Amino acid sequence: MISTDRTIRMFLEFFRERGHELVPQESLIPPSGDSVLFTTSGMHPLTPYLLGRPHPLGPRLTNLQRCLRTTDLDEVGDSTHLTVFEMLGSWSLGDYDGPRSLRWGCELLRDGFGIDPGRMHVTIFGGDEQVGPDDESWRTWEELGLPVEPTTEENWWSHEPTGLCGPDSEIFVWTGPGMPQGTPTTDDRWVEVWNHVMMRYVRHSDGSLEPLRRPSVDTGLGLERLVRILQDRPSVFDIDIFQPWLTTLPRLWGPLDESSMRLLSDHLRSCIVVLGDRIVPSPNGGGYVLRRLIRRVLTTLWRDEPTRTLSDLPIDLIEGTLGHFRQSRPPREVRTVLLDEERRFGRLLERGWQVLSRPRFTGPLRDDDYRYLHETHGLPRDLVMYLRVGHGDPTGNVVR
């Protein structure tokens, strides 16, 4: 069975053999001026070079980048989504064209990783009122013998309403039993693995598109999704890098249902990685996302057993996570922050129980009540709901 580490090496070696230089991995903290809280893809640190600035390592690049997407938080726990994940990437900065990138992508998946082409399906941009169909990609995939599904919005890539954009082509792999069925847009057992973006335009605030003087190709491949397929596992939580979590957490905290196990594994792992990049819990920005992750861990832990504590977490699990993500922060520093935040949250819950025990809050709450609780007592809506539902009777009265 191919390991996660071996998968990384094979990808990077494939592109380095084809003239790509390895770009050092960046922090989860995005470049200055970027509007997102965290690095969400491998291309984020490369934005200036995709816009035309020469890269010091040349026009062909490859790397592995840790990423975090807050938009996926509510989907974590299914078979494909993680909060922190790793993305393998390759870039042509005005060098080779889209068809060559697609051919290399097919070659690596088919011949390198051994994925049966009969289990592969691709989507391409089918055109809209501004830009015609991506016929170049369409012809390339047909020549390679893969089925093609054209779409519109699903295959137009843009980071924001303005800025870099262009048509993309996504490679999907069938993860269901038996012969593949349907298409990527009609059956969610087709899992997207690799996206190839043809960076051809800059969109302006008036909606107009300006062609780039130097079109580029930006690709991103979800590491954990690919490994799930290569290891023939039912979800990303069943691959090798999650095994330490799946074996340790039940030993620490007793039997856990699958949903709780996945959330705890994902969120604890994500908290360690965020702390590894020296982000600290705070009331806003990236620090607030970290605080929210820690509190979701704690509310899940305490839902069934209030004596559970993060102090049970073995230091070697923290150390192994930091090592995998190549982070140098001492594991005991990470553990100290987690425990400090646990104590802070415990005090907040105690205060919340006292506030919500007042007669004013025993019945249904209005928006004004939630606003007052947040602004005056620092109790956000989700925490109030946790206190009332997780620690209350059917009438909504908070109990101890």
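Mind ranking Leu301, Leu365 by accessible surface for me, highest first, 1.4 Å probe? The partial results should precede the final answer.
Working: Leu301 0, Leu365 30 Å².
Output order, biggest surface exposure first: Leu365, Leu301.
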For this session: Using the heavy atoms of the protein chains and a 1.4 angstrom probe, tell me the accessible area per residue for region 4-231 in square angstrom.
Result: 42
Exercise. If you take every DSSP beta bridge whose two residues both sit in region 105-186, what share of them, in percent to the nearest 5, is antiparallel?
Worked result: 65
For this session: Quick one: accessible surface of Cys67, probe radius 1.4 Å, all protein chains present, in square angstrom to the nearest 10.
Result: 0
Seminar exercise, completed: Semi-axes of the chain from the Cα gyration tensor (sqrt of 5 times each eigenvalue, largest first, whole Å) come to 41, 24, 22
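Stokes-Einstein at 10 °C, 1.306 mPa s, Kirkwood radius from Cα pairs: D for region 4-231 in µm² s⁻¹?
Value of D from the Cα-based Kirkwood radius: 88 µm²/s.
Equivalent ellipsoid semi-axes for region 281-355, as square roots of 5 times the alpha carbon gyration tensor eigenvalues: give them largest first, rounded to whole Å. Working shown, then result.
On the way: eigenvalues 116, 47, 20 Å².
Computed over region 281-355, the values are 24, 15, 10 Å.
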Exercise. Considering only protein heavy atoms and a 1.4 Å probe, what is the carbon-and-sulfur percentage of the accessible area of the chain?
Worked result: 49
For this session: With everything on Cα atoms, drop me the angle between helix 258-276 and the longest principal axis of the chain, reported from 0 to 90° to the nearest 10.
Result: 80
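With every protein chain left in place, what is the accessible area per residue of region 240-389 in square angstrom, probe 1.4 Å?
Normalised by residue count, the accessible surface of region 240-389 is 48 Å².
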Problem set entry | Cα pair distances in region 240-389, grouped into 10 Å bins until the bin that holds the longest one, percent each | 10, 38, 32, 15, 4, 0
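By its C-alpha gyration tensor, with a ≥ b ≥ c as the square roots of the eigenvalues, how is region 26-125 shaped: rounded for a/c under 1.5, else prolate for a/b larger than b/c, else oblate? Spell out each step's value before the answer.
Details: a/c = 2.21, a/b = 1.08, b/c = 2.05.
Oblate is the answer for region 26-125, as a/c is 1.5 or above yet b/c matches or exceeds a/b.
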For this session: Would you tell me the accessible area of Asp340, worked out with a 1.4 angstrom probe on the heavy atoms of the protein chains, in Å² to the nearest 10?
Result: 70
Problem set entry | the chain: most fluctuating residue of Gly176, Gly42, Gly286 per GNM, C-alpha cutoff 10 Å | Gly176
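Let me know the shape class of region 158-227, please: from the alpha-carbon gyration tensor, a ≥ b ≥ c as square roots of the eigenvalues, rounded when a/c is under 1.5, otherwise prolate if a/b is greater than b/c, or oblate. Could the numbers behind the result be given before it?
Numbers: a/c = 3.28, a/b = 2.38, b/c = 1.38.
Verdict is prolate for region 158-227.
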Problem set entry | Kirkwood hydrodynamic radius (C-alpha pairs) into Stokes-Einstein, region 48-89, 37 °C and 0.692 mPa s, D in µm²/s | 260
Seminar exercise, completed: Sorting Thr4, Thr80, Thr186 on solvent-accessible surface, 1.4 Å probe, most exposed first, gives Thr186, Thr80, Thr4
Exercise. At a probe size of 1.4 Å, how large is the accessible area of Arg233, to the nearest 10 Å²?
Worked result: 90
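The values are calculated or read from the model by the stated rules, or taken from the named source; none is laboratory data. On a predicted model such as this, the values are computed, not experimentally measured, just so you know. Note: areas computed on protein heavy atoms with side chains; ligands, DNA, RNA excluded. Shrake-Rupley method; radii C 1.70, N 1.55, O 1.52, S 1.80 Å.
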